[in-house]
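So the structure is just underneath, and the comments pick up after that.
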Amino acid sequence: MPSLPCAELHLHIEGTLEPELIFTLAARNGIRLPYADTADLADRYAFTDLQSFLDLYYANMDVLRTEADFTDMTRAYLRRTAAAGVRHAEIMMDPQAHLARGIALETCVGGVAAALSTSEADYGISTSLIAAFLRDRPAAEALAVLRDLLAMEAPIIGIGLDSAEVGYPPSLFAEVYDVARAAGLKCIAHAGEEGPPGYVREALDILRVDRLDHGIRCLEDEALVQRLVADQVPLTVCPLSNVRLRAVATLRDHPLPAMLARGLNVSVNSDDPAYFGGYVDDNFSALRQSFGLGVDDLATLAANSFRSAFISGERRAALL
Ligand code: HPA
Ligand code: ZN
(Lines give C-alpha, C1' and ligand atoms only; values in the text may rest on other atoms or scores of the structure.)
(Ligands and ions follow the chains in the order given, each with its own letter.)
Protein backbone atom coordinates (compact mmCIF):
# COMPACT_ATOMS: atom_id res chain seq x y z
CA MET A 1 0.00 0.00 0.00
CA PRO A 2 1.60 3.34 -1.01
CA SER A 3 1.96 5.98 1.69
CA LEU A 4 -0.79 8.56 1.92
CA PRO A 5 0.50 12.13 1.36
CA CYS A 6 -0.31 14.12 4.50
CA ALA A 7 0.91 16.66 7.01
CA GLU A 8 2.16 15.67 10.46
CA LEU A 9 1.01 18.17 13.07
CA HIS A 10 1.63 16.39 16.36
CA LEU A 11 5.19 15.21 16.74
CA HIS A 12 7.63 15.59 19.62
CA ILE A 13 11.08 15.60 18.08
CA GLU A 14 12.59 14.13 21.25
CA GLY A 15 10.14 11.24 20.84
CA THR A 16 11.80 10.29 17.56
CA LEU A 17 15.01 9.15 19.25
CA GLU A 18 15.22 5.52 18.16
CA PRO A 19 17.14 3.07 20.41
CA GLU A 20 19.98 2.82 17.87
CA LEU A 21 20.43 6.58 17.80
CA ILE A 22 20.29 6.76 21.60
CA PHE A 23 23.25 4.33 21.71
CA THR A 24 25.11 6.17 18.94
CA LEU A 25 24.76 9.54 20.67
CA ALA A 26 25.65 8.07 24.06
CA ALA A 27 28.86 6.63 22.61
CA ARG A 28 29.67 9.92 20.87
CA ASN A 29 29.22 11.85 24.12
CA GLY A 30 30.89 9.33 26.45
CA ILE A 31 27.66 8.56 28.31
CA ARG A 32 27.09 5.19 29.96
CA LEU A 33 23.51 4.10 29.47
CA PRO A 34 21.68 1.98 32.08
CA TYR A 35 20.67 -0.52 29.34
CA ALA A 36 22.65 -3.53 28.09
CA ASP A 37 21.77 -2.92 24.45
CA THR A 38 19.03 -1.60 22.15
CA ALA A 39 16.86 -4.67 22.74
CA ASP A 40 17.10 -4.17 26.51
CA LEU A 41 16.05 -0.53 26.04
CA ALA A 42 13.17 -1.42 23.71
CA ASP A 43 11.96 -4.00 26.25
CA ARG A 44 11.21 -1.11 28.59
CA TYR A 45 8.66 0.40 26.21
CA ALA A 46 5.75 -1.29 27.98
CA PHE A 47 4.00 1.76 29.38
CA THR A 48 1.13 1.82 31.83
CA ASP A 49 0.17 5.48 31.45
CA LEU A 50 1.53 8.85 30.28
CA GLN A 51 3.85 9.30 33.27
CA SER A 52 5.52 5.91 32.84
CA PHE A 53 6.41 6.96 29.30
CA LEU A 54 7.51 10.46 30.26
CA ASP A 55 9.99 9.05 32.81
CA LEU A 56 11.84 7.18 30.04
CA TYR A 57 11.39 9.94 27.46
CA TYR A 58 13.07 12.52 29.72
CA ALA A 59 15.81 10.10 30.82
CA ASN A 60 16.78 9.22 27.25
CA MET A 61 17.09 12.87 26.25
CA ASP A 62 20.27 12.99 28.27
CA VAL A 63 22.17 11.73 25.20
CA LEU A 64 21.39 15.03 23.42
CA ARG A 65 24.31 17.29 24.30
CA THR A 66 25.56 19.19 21.24
CA GLU A 67 23.89 21.13 18.47
CA ALA A 68 24.92 18.34 16.07
CA ASP A 69 23.05 15.80 18.25
CA PHE A 70 19.82 17.78 17.86
CA THR A 71 20.43 18.19 14.13
CA ASP A 72 21.12 14.48 13.60
CA MET A 73 18.00 13.48 15.55
CA THR A 74 15.87 15.83 13.45
CA ARG A 75 17.39 14.66 10.17
CA ALA A 76 16.73 11.02 11.10
CA TYR A 77 13.06 11.87 11.70
CA LEU A 78 12.75 13.81 8.42
CA ARG A 79 14.31 10.95 6.44
CA ARG A 80 11.96 8.40 7.97
CA THR A 81 8.83 10.53 7.79
CA ALA A 82 9.44 11.39 4.12
CA ALA A 83 9.13 7.65 3.48
CA ALA A 84 5.89 7.71 5.50
CA GLY A 85 4.30 10.11 3.00
CA VAL A 86 4.63 13.25 5.12
CA ARG A 87 4.93 16.38 2.94
CA HIS A 88 4.70 18.98 5.70
CA ALA A 89 5.60 18.65 9.39
CA GLU A 90 4.99 20.99 12.33
CA ILE A 91 7.46 19.80 14.90
CA MET A 92 7.34 20.31 18.67
CA MET A 93 10.35 20.42 20.94
CA ASP A 94 10.63 20.72 24.72
CA PRO A 95 13.20 23.47 25.46
CA GLN A 96 12.69 23.30 29.24
CA ALA A 97 13.64 19.63 29.31
CA HIS A 98 17.03 20.61 27.86
CA LEU A 99 17.52 23.80 29.86
CA ALA A 100 16.98 21.75 33.02
CA ARG A 101 19.96 19.59 31.97
CA GLY A 102 22.19 22.60 31.36
CA ILE A 103 21.77 22.67 27.57
CA ALA A 104 21.47 26.22 26.20
CA LEU A 105 18.49 27.33 24.13
CA GLU A 106 20.87 28.19 21.30
CA THR A 107 22.12 24.60 21.28
CA CYS A 108 18.80 22.76 21.31
CA VAL A 109 16.72 25.18 19.25
CA GLY A 110 19.62 25.91 16.91
CA GLY A 111 20.30 22.22 16.33
CA VAL A 112 16.72 21.35 15.44
CA ALA A 113 16.25 24.51 13.38
CA ALA A 114 19.39 23.78 11.35
CA ALA A 115 17.87 20.52 10.10
CA LEU A 116 14.49 22.16 9.44
CA SER A 117 16.00 25.03 7.45
CA THR A 118 16.95 22.65 4.62
CA SER A 119 14.14 20.09 5.01
CA GLU A 120 12.49 20.94 1.71
CA ALA A 121 15.69 20.65 -0.30
CA ASP A 122 16.93 17.58 1.60
CA TYR A 123 13.72 15.59 2.09
CA GLY A 124 10.92 17.35 0.16
CA ILE A 125 9.14 18.25 3.41
CA SER A 126 8.22 21.78 4.44
CA THR A 127 8.56 22.22 8.19
CA SER A 128 8.02 24.58 11.08
CA LEU A 129 8.92 24.55 14.75
CA ILE A 130 6.71 24.76 17.85
CA ALA A 131 8.13 25.34 21.35
CA ALA A 132 6.16 23.27 23.84
CA PHE A 133 6.06 24.12 27.53
CA LEU A 134 6.02 21.52 30.27
CA ARG A 135 2.78 21.87 32.20
CA ASP A 136 4.19 20.06 35.24
CA ARG A 137 6.75 22.84 35.70
CA PRO A 138 5.86 26.36 36.92
CA ALA A 139 4.10 28.71 34.52
CA ALA A 140 6.59 31.43 35.51
CA GLU A 141 9.38 29.28 34.08
CA ALA A 142 7.47 28.79 30.83
CA LEU A 143 6.95 32.54 30.59
CA ALA A 144 10.66 33.23 31.13
CA VAL A 145 11.61 30.70 28.43
CA LEU A 146 9.04 32.17 26.05
CA ARG A 147 10.51 35.64 26.59
CA ASP A 148 14.01 34.26 25.94
CA LEU A 149 12.81 32.57 22.73
CA LEU A 150 11.26 35.84 21.57
CA ALA A 151 14.37 37.83 22.49
CA MET A 152 16.62 35.51 20.48
CA GLU A 153 14.14 35.55 17.59
CA ALA A 154 13.92 31.77 17.64
CA PRO A 155 12.40 30.44 14.41
CA ILE A 156 9.17 29.21 16.01
CA ILE A 157 5.65 29.57 14.60
CA GLY A 158 3.78 28.65 17.76
CA ILE A 159 3.73 27.30 21.29
CA GLY A 160 2.40 24.06 22.73
CA LEU A 161 1.72 22.59 26.16
CA ASP A 162 2.70 19.02 26.98
CA SER A 163 3.97 16.60 29.67
CA ALA A 164 1.89 15.26 32.60
CA GLU A 165 -1.67 16.49 32.08
CA VAL A 166 -3.84 15.53 35.06
CA GLY A 167 -3.49 18.08 37.86
CA TYR A 168 -2.06 20.73 35.52
CA PRO A 169 -5.04 22.43 33.84
CA PRO A 170 -4.54 24.79 30.90
CA SER A 171 -5.72 27.79 32.95
CA LEU A 172 -2.36 27.79 34.79
CA PHE A 173 -0.76 29.00 31.55
CA ALA A 174 -3.15 31.83 30.60
CA GLU A 175 -0.47 34.53 30.73
CA VAL A 176 2.02 32.48 28.67
CA TYR A 177 -0.57 32.10 25.91
CA ASP A 178 -1.53 35.79 26.03
CA VAL A 179 2.10 36.78 25.54
CA ALA A 180 2.57 34.26 22.73
CA ARG A 181 -0.57 35.39 20.91
CA ALA A 182 0.44 39.04 21.23
CA ALA A 183 3.78 38.08 19.66
CA GLY A 184 1.97 36.60 16.67
CA LEU A 185 2.54 32.96 17.58
CA LYS A 186 0.00 30.18 17.00
CA CYS A 187 -1.45 28.63 20.14
CA ILE A 188 -1.66 24.87 20.52
CA ALA A 189 -2.07 22.70 23.62
CA HIS A 190 -2.38 19.05 24.59
CA ALA A 191 -5.78 18.59 26.24
CA GLY A 192 -8.12 15.66 26.75
CA GLU A 193 -5.43 12.97 26.37
CA GLU A 194 -5.64 11.77 29.99
CA GLY A 195 -7.28 14.93 31.30
CA PRO A 196 -11.06 15.53 31.40
CA PRO A 197 -13.20 17.41 28.86
CA GLY A 198 -13.04 20.45 31.17
CA TYR A 199 -9.37 20.80 30.23
CA VAL A 200 -10.35 20.93 26.55
CA ARG A 201 -12.83 23.70 27.40
CA GLU A 202 -10.14 25.62 29.28
CA ALA A 203 -7.74 25.30 26.35
CA LEU A 204 -10.44 26.79 24.10
CA ASP A 205 -11.77 29.47 26.46
CA ILE A 206 -8.68 30.54 28.37
CA LEU A 207 -5.72 29.68 26.15
CA ARG A 208 -7.80 30.40 23.01
CA VAL A 209 -5.97 27.69 21.11
CA ASP A 210 -5.89 27.47 17.33
CA ARG A 211 -5.44 23.69 17.48
CA LEU A 212 -5.73 20.93 20.08
CA ASP A 213 -3.38 17.99 20.53
CA HIS A 214 -5.26 14.73 21.23
CA GLY A 215 -8.64 15.95 22.53
CA ILE A 216 -10.08 12.44 22.42
CA ARG A 217 -11.87 12.79 25.77
CA CYS A 218 -14.06 15.54 24.26
CA LEU A 219 -16.43 12.70 23.34
CA GLU A 220 -17.52 12.50 26.98
CA ASP A 221 -19.14 15.96 26.66
CA GLU A 222 -21.78 16.25 23.94
CA ALA A 223 -22.02 20.05 24.05
CA LEU A 224 -18.25 20.26 23.70
CA VAL A 225 -18.30 17.94 20.68
CA GLN A 226 -20.93 20.12 19.05
CA ARG A 227 -18.80 23.20 19.62
CA LEU A 228 -15.66 21.53 18.22
CA VAL A 229 -17.61 20.38 15.16
CA ALA A 230 -19.21 23.80 14.61
CA ASP A 231 -15.86 25.60 14.85
CA GLN A 232 -13.95 22.81 13.07
CA VAL A 233 -11.21 23.04 15.71
CA PRO A 234 -8.35 20.81 14.55
CA LEU A 235 -7.70 17.79 16.77
CA THR A 236 -4.36 16.06 16.18
CA VAL A 237 -5.13 12.47 17.09
CA CYS A 238 -2.40 9.87 17.72
CA PRO A 239 -3.93 6.36 17.68
CA LEU A 240 -0.87 4.21 18.44
CA SER A 241 0.16 6.61 21.20
CA ASN A 242 -3.27 6.31 22.81
CA VAL A 243 -2.99 2.51 22.78
CA ARG A 244 0.57 2.43 24.15
CA LEU A 245 -0.25 4.91 26.94
CA ARG A 246 -3.50 3.06 27.65
CA ALA A 247 -5.81 5.99 26.99
CA VAL A 248 -7.73 3.29 25.09
CA ALA A 249 -7.64 -0.46 25.74
CA THR A 250 -6.95 -1.59 22.16
CA LEU A 251 -6.90 0.08 18.75
CA ARG A 252 -10.34 -1.38 18.06
CA ASP A 253 -11.61 0.72 20.97
CA HIS A 254 -10.13 3.91 19.56
CA PRO A 255 -12.66 6.71 18.99
CA LEU A 256 -11.16 7.93 15.70
CA PRO A 257 -13.92 6.44 13.49
CA ALA A 258 -16.55 7.90 15.83
CA MET A 259 -14.82 11.28 15.72
CA LEU A 260 -14.77 11.18 11.92
CA ALA A 261 -18.43 10.18 11.84
CA ARG A 262 -19.32 13.12 14.08
CA GLY A 263 -17.64 15.51 11.66
CA LEU A 264 -14.80 16.53 13.95
CA ASN A 265 -11.70 17.92 12.23
CA VAL A 266 -9.33 15.06 13.09
CA SER A 267 -5.94 14.18 11.62
CA VAL A 268 -3.64 11.20 12.22
CA ASN A 269 -0.23 11.80 13.82
CA SER A 270 2.54 9.81 15.45
CA ASP A 271 3.28 11.79 18.69
CA ASP A 272 6.48 9.95 19.79
CA PRO A 273 7.01 7.40 17.01
CA ALA A 274 10.18 5.81 18.40
CA TYR A 275 8.31 4.89 21.58
CA PHE A 276 4.80 4.10 20.39
CA GLY A 277 5.26 1.58 17.61
CA GLY A 278 5.53 3.70 14.53
CA TYR A 279 5.39 6.70 12.29
CA VAL A 280 2.38 8.18 10.50
CA ASP A 281 2.32 5.41 7.89
CA ASP A 282 2.31 2.80 10.67
CA ASN A 283 -0.62 4.60 12.31
CA PHE A 284 -2.54 4.57 9.03
CA SER A 285 -1.75 0.88 8.45
CA ALA A 286 -2.93 -0.04 11.92
CA LEU A 287 -6.13 1.97 11.43
CA ARG A 288 -6.77 0.27 8.10
CA GLN A 289 -6.31 -3.14 9.70
CA SER A 290 -8.49 -2.45 12.73
CA PHE A 291 -11.27 -0.52 11.05
CA GLY A 292 -10.93 -1.13 7.33
CA LEU A 293 -11.08 2.62 6.78
CA GLY A 294 -12.22 3.33 3.23
CA VAL A 295 -10.74 5.61 0.62
CA ASP A 296 -13.11 8.43 1.58
CA ASP A 297 -12.13 8.38 5.26
CA LEU A 298 -8.42 8.27 4.40
CA ALA A 299 -8.83 11.19 2.01
CA THR A 300 -10.70 13.16 4.70
CA LEU A 301 -7.95 12.51 7.25
CA ALA A 302 -5.25 13.65 4.81
CA ALA A 303 -7.25 16.72 3.77
CA ASN A 304 -7.84 17.59 7.44
CA SER A 305 -4.09 17.46 8.08
CA PHE A 306 -3.38 19.94 5.29
CA ARG A 307 -6.21 22.33 6.19
CA SER A 308 -5.16 22.32 9.86
CA ALA A 309 -1.53 23.15 9.10
CA PHE A 310 -0.22 26.66 9.72
CA ILE A 311 0.82 27.28 6.14
CA SER A 312 0.06 29.79 3.43
CA GLY A 313 -2.75 29.20 0.97
CA GLU A 314 -0.11 28.95 -1.71
CA ARG A 315 1.79 26.17 0.08
CA ARG A 316 -1.49 24.36 0.84
CA ALA A 317 -2.45 24.46 -2.83
CA ALA A 318 0.95 23.05 -3.75
CA LEU A 319 0.54 20.21 -1.25
CA LEU A 320 -3.00 19.21 -2.20
N1 HPA B 1 1.69 13.57 25.97
C2 HPA B 1 2.07 14.59 26.73
N3 HPA B 1 3.30 15.06 26.73
C4 HPA B 1 4.18 14.50 25.91
C5 HPA B 1 3.85 13.46 25.10
C6 HPA B 1 2.53 12.97 25.12
O7 HPA B 1 2.15 12.00 24.43
N8 HPA B 1 4.96 13.14 24.40
C9 HPA B 1 5.93 13.98 24.78
N10 HPA B 1 5.47 14.81 25.71
ZN1 ZN C 1 1.98 14.74 22.20
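The values are calculated or read from the model by the stated rules, or taken from the named source; none is laboratory data. Bear in mind that the values here come from a model prediction, so they are computed numbers and not experimental data. Glycine gets a Cβ as well: all are built from the backbone with ideal geometry, and neighbour counts include every protein chain shown.
Here are the numbers for the structure shown:
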{"quantity": "Unique residue being touching a strand residue (DSSP E or B) at 6+ places or on another chain (Cβ under 9 Å) and part of a helix (DSSP H, G or I) when the list is 287, 224", "calculated": "287"}
{"quantity": "Looking only at the stretch 12-23, and only at residues there that are surrounded by 15 or more Cβ atoms within 10 Å (Cβ to Cβ) and assigned to a helix (DSSP H, G or I), the one that is farthest from ligand 1 (Cβ to nearest atom)", "calculated": "23"}
{"quantity": "Only listed residue being hydrophobic (A, V, I, L, M, F, W, C), surrounded by fewer than 21 Cβ atoms within 10 Å (Cβ to Cβ) and in contact with a strand residue (DSSP E or B) (Cβ under 8 Å, 6 or more places away or on another chain), chosen from 142, 154, 174, 180", "calculated": "154"}
{"quantity": "Residues that are touching a Leu at 6+ places or on another chain (Cβ under 8 Å) and surrounded by fewer than 24 Cβ atoms within 10 Å (Cβ to Cβ), drawn from the stretch 194-203", "calculated": "194, 197, 201"}
{"quantity": "Some residue of the stretch 277-287 being on the phi > 0 side of the Ramachandran plot and either in contact with a Ser or Thr (Cβ under 6 Å, 6 or more places away or on another chain) or surrounded by fewer than 21 Cβ atoms within 10 Å (Cβ to Cβ) (or both)", "calculated": "yes"}
{"quantity": "Matching residues in the stretch 204-230 - criterion: being under 20 Å from residue 174 (Cβ atoms) and either more than 16 Å from ligand 1 (Cβ to nearest atom) or surrounded by fewer than 24 Cβ atoms within 10 Å (Cβ to Cβ) (or both)", "calculated": "204, 205, 206, 208, 210, 224, 227"}
{"quantity": "Where a residue in the stretch 199-214 is in contact (Cβ under 8 Å) with a residue 12 or more places away in the chain and farther than 20 Å from residue 267 by Cβ and its partner, wherever it lies, is away from ligand 1 (no atom under 14 Å from the Cβ) and among the basic types (Lys, Arg), with Cβ under 7 Å and at least six apart", "calculated": "208/181"}
{"quantity": "Total residues in the stretch 227-250, condition without any contact (Cβ under 8 Å) to a residue 60 or more places away in the chain, assigned to a helix (DSSP H, G or I) and within 16 Å of ligand 2 (Cβ to nearest atom)", "calculated": "5"}
{"quantity": "Boolean, residue 112 is closer than 26 Å to residue 319 by Cβ and under 20 Å from the mean Cα position of the chain (by Cα)", "calculated": "yes"}
{"quantity": "Residue within the stretch 253-268 that is within 18 Å of residue 294 (Cα to Cα), touching a residue at least 60 places away in the same chain (Cβ under 8 Å) and either more than 16 Å from ligand 2 (Cβ to nearest atom) or among the polar types (S, T, N, Q) (or both) present", "calculated": "yes"}
{"quantity": "So residue 243, is it surrounded by fewer than 17 Cβ atoms within 10 Å (Cβ to Cβ), out of contact with any Asp or Glu (no Cβ under 8 Å at 6 or more places or on another chain) and of a type in the set (A, V, I, L, M, F, W, C)", "calculated": "no"}
{"quantity": "Residue 302 being of a type in the set (Gly, Ala, Ser), modelled with pLDDT of 95 or more and farther than 19 Å from residue 242 by Cα", "calculated": "yes"}
{"quantity": "Residue 262 over 21 Å from the mean Cα position of the chain (by Cα), at pLDDT 95 or above, among the basic types (Lys, Arg) and farther than 23 Å from residue 83 by Cβ", "calculated": "yes"}
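Residue-wise test of (1) under 22 Å from the mean Cα position of the chain (by Cα); (2) under 19 Å from residue 96 (Cβ atoms); (3) away from ligand 2 (no atom under 16 Å from the Cβ).
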position	(1), (2), (3)
6	yes, no, yes
24	no, no, yes
36	no, no, yes
40	no, no, yes
43	no, no, yes
62	yes, yes, yes
65	yes, yes, yes
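Conditions (1) out of contact with any Leu (no Cβ under 8 Å at 6 or more places or on another chain); (2) within 19 Å of residue 233 (Cα to Cα); (3) within 16 Å of ligand 2 (Cβ to nearest atom), marked per residue:
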| position | (1), (2), (3) |
| --- | --- |
| 139 | no, no, no |
| 145 | no, no, no |
| 149 | no, no, no |
| 152 | no, no, no |
| 156 | no, no, no |
| 161 | no, yes, yes |
| 164 | no, no, yes |
| 179 | no, no, no |
| 192 | no, yes, yes |
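Conditions (1) within 16 Å of ligand 1 (Cβ to nearest atom); (2) among the small types (Gly, Ala, Ser), marked per residue:
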{"position": "6", "(1), (2)": "no, no"}
{"position": "10", "(1), (2)": "yes, no"}
{"position": "25", "(1), (2)": "no, no"}
{"position": "34", "(1), (2)": "no, no"}
{"position": "54", "(1), (2)": "yes, no"}
{"position": "63", "(1), (2)": "no, no"}
{"position": "79", "(1), (2)": "no, no"}
{"position": "83", "(1), (2)": "no, yes"}
